[in-house]
Amino acid sequence: MLSGTDTEAAGYAVRLRAVTKVYDTGVAALGPLDLEVRRGEFLSLVGPSGCGKSTALRLVAGLAAPSAGTVDVSHHGAQRRGSHPIGFVFQEPTLMPWATVRDNVRLPFKLAHAPAADADARIDDALEQVGLADFASAYPRELSGGMKMRVSLARALVTDPDILLMDEPFAALDEITRFRLNNDLLSLWRNLHKTVIFVTHSVFESVYLSQRVIVMTARPGRIGAEFRISAAEPRGEEFRTSGEYAGFCREVSHALAPSYAGQADA
């Protein structure tokens, strides 16, 4: 088993080795799964409902333990004061309705009992990064769906993690808002040099965002196919409307089709 330090030394942010997850109900959700994610990589997991995509994120985050195998995560981020190696953005923003945007983003520091002086500057920076500097005093009820997700993203970024885990964060948003957040996320990734593992049901979103797309099989989830998206950076609307983009989407969709065979709820 590699330690987090060994994983970092090898240039990886995350390594999963022969990982399985079987729940107490007897449902085999995942694996065996072998996956390596390099530092600074943007990787997407796509697959049918119930194939273990979200389970894999929870194992990486330490929110659940594997039934077998090893999960190794680089702890480089923990070496910086007030930092945490992992930030997690869930499908729902899960904001505190009684708290302002600023206080919602402050939550990780409050839970860690961090000094207010240290937190304030970091909160201001995170809100600036996601374009909400002018909404620090607003309440969730005053925000659109896209703005609420930006607050959730700021809360994940405020501890300056090296690894950002994102579990279908834009699934409930309208197409225009989703496209805009995709563009903003790519800009953040380029500027902040984070490792991103992104779960989505959208082939189009996965190809647009990622350097690498992993297609997972139906439960128990394994790697069914892998695609390196070699499009030039930075990406923008020119790529989204290009033949190259359409070609990658066709390839991923073709690889994904067997995973949906016989899936009545897909």
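The values are calculated or read from the model by the stated rules, or taken from the named source; none is laboratory data. These numbers come from a predicted model, not from an experiment. Glycine also receives a Cβ, built like all others from the backbone with ideal geometry; neighbour counts cover every protein chain displayed.
Odds and ends about this structure:
- Subset of segment 75-114 that is in a helix (DSSP H, G or I) and farther than 28 Å from THR55 by Cβ - its residue that is modelled with the lowest pLDDT: GLN79
- Within segment 120-137, tally of residues that are hydrophobic (A, V, I, L, M, F, W, C), in a helix (DSSP H, G or I) and in contact (Cβ under 8 Å) with a residue 24 or more places away in the chain: 4
- Pick from segment 198-247, criterion among the hydroxyl-bearing types (Ser, Thr, Tyr) and either touching a residue at least 24 places away in the same chain (Cβ under 8 Å) or in a strand (DSSP E or B) (or both), ranking: farthest from THR55 (Cα to Cα): TYR245
- Segment 115-137, residues that are of a type in the set (D, E, K, R), over 24 Å from the mean Cα position of the chain (by Cα) and at pLDDT 95 or above: ASP134
- Condition met for GLY50 (within 20 Å of ASP162 (Cβ to Cβ) and part of a loop (DSSP other than H, G, I, E, B)): no
- Residue match in segment 107-121 (condition: closer than 17 Å to ASN183 by Cα and not small (Gly, Ala, Ser)): no
- Residue check for LEU165: in a helix (DSSP H, G or I) and either of a type in the set (D, E, K, R) or modelled with pLDDT of 95 or more (or both): no
- Residue under evaluation ILE163, criteria (1) out of contact with any helix residue (DSSP H, G or I) (no Cβ under 8 Å at 6 or more places or on another chain); (2) surrounded by 18 or more Cβ atoms within 10 Å (Cβ to Cβ), criterion not met: (1)
- Within segment 171-216, the set of residues being closer than 13 Å to ILE229 by Cβ, within 15 Å of the chain's Cα centre (by Cα) and aromatic (Phe, Trp, Tyr) comprises PHE198, TYR208.
- Residue that is surrounded by the most Cβ atoms within 10 Å (Cβ to Cβ) [pool: residues in segment 227-238 that are at pLDDT 95 or above and either in contact with a helix residue (DSSP H, G or I) (Cβ under 9 Å, 6 or more places away or on another chain) or under 28 Å from ALA126 (Cβ atoms) (or both)]: ILE229
- Residue match in segment 138-146 (condition: modelled with pLDDT of 95 or more, in a loop (DSSP other than H, G, I, E, B) and surrounded by fewer than 15 Cβ atoms within 10 Å (Cβ to Cβ)): yes
- Qualifying positions in segment 239-266 - surrounded by 13 or more Cβ atoms within 10 Å (Cβ to Cβ) and polar (S, T, N, Q): SER242, SER253, SER259, GLN263
- Among the candidates PHE227, PHE204, PHE239, residue that is of a type in the set (Phe, Trp, Tyr), out of contact with any Ser or Thr (no Cβ under 6 Å at 6 or more places or on another chain) and more than 30 Å from GLU128 (Cβ to Cβ): PHE227
- A Cβ distance below 7 Å, combined with a sequence gap of six or more or placement on separate chains, defines the contacts here; from segment 13-25, residues that are under 23 Å from PRO161 (Cβ atoms) reach residues that are part of a strand (DSSP E or B) and charged (D, E, K, R) in the pairs ALA13/ARG38; ARG15/GLU36; ARG15/ASP72; LEU16/ASP34; ARG17/ASP34.
For every residue, the table says whether it meets (1) among the acidic types (Asp, Glu); (2) over 18 Å from PRO169 (Cα atoms).
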residue: ASP184; (1), (2): yes, no
residue: SER187; (1), (2): no, no
residue: VAL196; (1), (2): no, no
residue: HIS201; (1), (2): no, no
residue: GLU238; (1), (2): yes, yes
